[in-house]
Amino acid sequence: MHQANLLVIAGYADSLEQDKAPHRPLRRSDRRKQLNHLGSCWARYEALRDALNAMDGEDYQTLTGNFRDLANHAFAPRFMIGQIPRAWRRKVDYEEAVVNGDGTVEVVTDPARKMTQYAMGTLEPLPLNAAYAANLAEYGRARCTMEAFARLVEELCDRIDTKL
């Protein structure tokens, strides 16, 4: 879209977000913002954006135990058998145990201070039938996304052809 924008939009600047920090890849959210900016003048971009947003949704992540991200960045759940032991670390509001006058103990939270909290648990294995169903539905969403992309490319090419 950037190259098409350069060709068909008068005064369009040859500048992308990644030019500001060329050795640091853009985060997914930054790539999406840039994509929205690049596609804002194309009639068929909205369908692609909506199709992209439908992929890897919260339901899919829940059904697959967030397999897609964990397989690339951590330990993904197994299929059918075998738990994955995990420790999770996160920053939370500071908590302190305070002894009351009657000898009982109360946990007091201080949101102005932060502390590190660790939790232990396991990732349960994914049933194959559930993983298959979730991935079949995700395949349908991916196919719709690629079809929307193809229609956008047609629009880009048509507009470029009128300029050449």
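Each residue in the range 117-133 was checked for being touching a Lys or Arg at 6+ places or on another chain (Cβ under 8 Å) and either surrounded by 12 or more Cβ atoms within 10 Å (Cβ to Cβ) or in a helix (DSSP H, G or I) (or both), and 4 of them qualify. Condition first: under 22 Å from residue 44 (Cβ atoms) and either among the aliphatic types (A, V, I, L, M) or open to solvent by 70 Å² or more (accessible area, probe 1.4 Å) (or both). Now tell me which residues in the range 1-17 satisfy that. Answer for the range 1-17, where residues must be under 22 Å from residue 44 (Cβ atoms) and either among the aliphatic types (A, V, I, L, M) or open to solvent by 70 Å² or more (accessible area, probe 1.4 Å) (or both): 1, 3, 4, 6, 7, 8, 9, 10, 16.
When 98, 107, 153 are screened for being open to solvent by less than 70 Å² (accessible area, probe 1.4 Å) and part of a strand (DSSP E or B), only 98 passes. Here is the figure for the range 65-116: residues that are aliphatic (A, V, I, L, M), more than 30 Å from residue 142 (Cα to Cα) and in contact with a Lys or Arg (Cβ under 8 Å, 6 or more places away or on another chain) total 2.
Checked against the criterion of being out of contact with any Cys (no Cβ under 7 Å at 6 or more places or on another chain), of a type in the set (A, V, I, L, M), part of a helix (DSSP H, G or I) and open to solvent by 50 Å² or more (accessible area, probe 1.4 Å), the candidates 136, 70, 52 yield just one match: 136.
The values are calculated or read from the model by the stated rules, or taken from the named source; none is laboratory data. Not measured: the values here are computed from a predicted model. Glycine also receives a Cβ, built like all others from the backbone with ideal geometry; neighbour counts cover every protein chain displayed. Accessible surface is based on the protein model in full, side chains and every heavy atom, while ligands, DNA and RNA are left aside. Shrake-Rupley method; radii C 1.70, N 1.55, O 1.52, S 1.80 Å.
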